[in-house]
Every structure is written in C-alpha cells, then in structure tokens.
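Shown next, in structure tokens, is the structure this report addresses.
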Amino acid sequence: MLNLSIPEHIEPLRNKVLKFIEERIYPVEKELFETDRDGRRDTMQKLMKEAKAQGLWALGHPEEIGGGGLPFMDYVFINEVVGRSAAATVALGTHSLQDSIMLHRYASDEWRDKYLKPLVAGEVFPSFGMTEPGVASSDPTQLQTRAELIGDEWVINGRKWFTSGAAQAAYTTVMCRTETDVPDHAAFSQIVVPTSTKGYNIVRDVAVMGEYEGHYEVAYDNVRVPKANLLGPRGQGFKIAQDRLGPGRIRLS
Ligand SMILES: Cc1cc2nc3c(=O)[nH]c(=O)nc-3n(C[C@H](O)[C@H](O)[C@H](O)COP(=O)(O)OP(=O)(O)OC[C@H]3O[C@@H](n4cnc5c(N)ncnc54)[C@H](O)[C@@H]3O)c2cc1C
C-alpha cells in the first residue's frame, strides 16, 4: 500500500516552505493577485529574491539546470503546501518546472542556452499552447493548428486558447500538426515560438469561471520560426505533451 505520510527527512524543508508561504506570501496575496500576479512587479521580485536566499527556490527542478534537485516523491510533499497559494508557485520558482524539463529534455542547444537558465531563475516566463477553440482538446488528435516546413522555416497557422500566461511569456511551445498520412499520434510536433515573432497575436484574455486571470486566446497567422525551434523529433509532439502533462499538476501544484 502507498504510504502517504510525510517522510521524516522532508518535514523540516516542508515546514520552512510553509512558514515562508504563511508569513511572507499570505499577507500580500491579495495585492499580488490583483496587481502583481505576473511576477514583474516589485513585491513579487522581492519574494523571489528572499526565496532564493533561503534555499527555497525551484526545489523540484533538476540540479543540473539550477534547481533543488528533489526527487519527485519528496517534491510532492513540498508542492502540496506550495499549492495553497497561486502566488507561491511564482514566488518559489515552481511555476516553470514543466517547461524547464521539456526544454532540458528536448530543446536544441541553441534554445536550451537561450531560455533554460533565465527560465529556471524566474527571469522569463514560458507558456504552452495546446488547447484550441472549436475542438474538444481533451482529445488532441483533433487539433487543427498546422506547421509546414518551408525551406528552413516552420510556418504556423492556427488558433489556441487557454494559453496560460501568454501575455508575459517570452515564448510559447505550440503543439501543431506537422505530418500527414501517418497515425494521429505520430502527426504532431512541439515548436518553440518567441512571443515577439510576427504573426503571433494575442486575441483576448479568456475568462475562467468569470475571472480574467491570464489564460489567453492566441492567433498564429503565418508565424515563421527557424527549423531548429522544433522540440525533440518531428512527430513526437504527443509523447512530449504526455511527458509534460502527465505529472504536470503535481509539478506545478
Ligand atoms: C485555468 C486553466 C488553465 C489552462 N491552461 C492551459 C494552457 O496553458 N495551455 C493549454 O494548451 N491549455 C490550457 N488549458 C486548457 C485545458 O487543458 C483544456 O480545457 C482541457 O485539455 C480540456 O479541453 P477542452 O477545454 O477543449 O474540453 P473538451 O475536450 O471539450 O471537454 C469538455 C468535456 O467534454 C468531454 N468530452 C470531450 N470529448 C468527448 C467525447 N468525444 N465524448 C464524450 N465526452 C467528451 C470531456 O471529458 C470534458 O468533460 C487550461 C484550462 C484552464 C481551465
């Protein structure tokens, strides 16, 4: 039977994280939620700095990319308390875990060099574009966004929504159909799109349960990015998405 009691060796660190959340984050949570959720403003920056100084930063990220290197099951007990506050995920640097692991495993050297260090350090924010309007995206075989390799560039056309954090993200990893005449599960790829790319256009902030919290609809109109922006092998987008989304909620909170 699975033992879910808090392991003795992780309890002191968990208590330290909890103390930080209760004493440093809860008192400013409303302010952060209303004005500072994107991590660009002073209060959040100050919390991030404190978390780093106290050894509480990015605890679940692999050590080799600048994280705390906690094993997954140890991190579960930390993230259970981080999950008490949405602001804590940014203040403690856990928000980038899924994207950092994805870049670490699959990005070309160029993209790893460009984004991985600042991502783990909380200097830039990522986003992930899979879900689409008009498509039951819980079955991603139906996704309509397409990327075509023309010369040395991917040309992307389509529309995504619920892309969390798109407005402050430095880049989006976008799931596109790249292959034809193959089974659906081998037909999609993940491609990195810097948000400054021409044709990447935020349409609107989509309300979730009546609140505008930064989950965006984004149009991709002839977005052109270099061939090297492909994450992992062509046609492996489903596997990469599963690697990300499977343990995703536990990693992110
Ligand atoms: C707060 C929030 C943040 C999000 N952030 C992101 C993000 O950053 N990036 C991103 O890409 N997405 C994001 N999403 C989107 C989320 O992952 C999707 O909502 C989810 O994958 C389900 O897809 P859908 O909304 O298209 O629902 P649907 O696929 O339409 O499903 C709706 C319901 O219908 C059911 N259903 C679907 N197909 C069938 C069928 N054939 N037969 C019977 N029942 C069916 C489903 O089980 C479900 O209960 C976010 C969503 C929320 C709420």
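The values are calculated or read from the model by the stated rules, or taken from the named source; none is laboratory data. All values reported here derive from a predicted model rather than from experimental measurement. Using ideal geometry, Cβ is built from the backbone for each residue, glycine included, and neighbour counts are taken over all protein chains shown. Note: accessible area is taken over every heavy atom of the protein model, side chains too, but ligands, DNA and RNA are not part of it. Shrake-Rupley method; radii C 1.70, N 1.55, O 1.52, S 1.80 Å.
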Spans of strands (runs of 3 or more DSSP E) in region 146-186 with at least 1 residues under 20 Å from the mean Cα position of the chain (by Cα): 153-164, 169-177
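Taking the conditions exactly as written (surrounded by fewer than 23 Cβ atoms within 10 Å (Cβ to Cβ), farther than 28 Å from LEU56 by Cβ and near the ligand (Cβ under 10 Å from one of its atoms)), does PRO133 satisfy them or not?
yes
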- request: Given the conditions (1) without any contact (Cβ under 8 Å) to a residue 24 or more places away in the chain; (2) closer than 30 Å to ARG234 by Cα; (3) among the β-branched types (Val, Ile, Thr), report the number of the one that THR94 does not fulfil.
  value: (1)
- request: Go through region 99-127 and count every residue that is closer than 15 Å to GLY232 by Cα and not in a helix (DSSP H, G or I).
  value: 2
- request: Identify the residue in region 136-145 that is part of a loop (DSSP other than H, G, I, E, B) and more than 9 Å from the ligand (Cβ to nearest atom) and, among all such residues, is surrounded by the fewest Cβ atoms within 10 Å (Cβ to Cβ).
  value: GLN144
message: Which condition from (1) surrounded by 15 or more Cβ atoms within 10 Å (Cβ to Cβ); (2) not in a strand (DSSP E or B); (3) not charged (D, E, K, R) is the one that PRO233 breaks?
response: (1)
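Sort through ARG146, ARG159 and tell me the only one that's at pLDDT 95 or above and more than 17 Å from ARG234 (Cα to Cα).
Matching residue, one of ARG146, ARG159: ARG159.
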- prompt: Which residues, counting only those in region 146-169, are hydrophobic (A, V, I, L, M, F, W, C), over 12 Å from TYR200 (Cβ atoms) and within 16 Å of the ligand (Cβ to nearest atom)?
  reply: ALA147, TRP161, PHE162
- prompt: Since GLU123 meets every condition but one in (1) under 15 Å from ILE191 (Cα atoms); (2) away from the ligand (no atom under 16 Å from the Cβ); (3) acidic (Asp, Glu), which condition does it not meet?
  reply: (1)
task: Report, by residue number, each residue of region 14-32 that is open to solvent by 90 Å² or more (accessible area, probe 1.4 Å) and over 20 Å from VAL76 (Cβ atoms).
output: GLU23, PRO27, LYS30
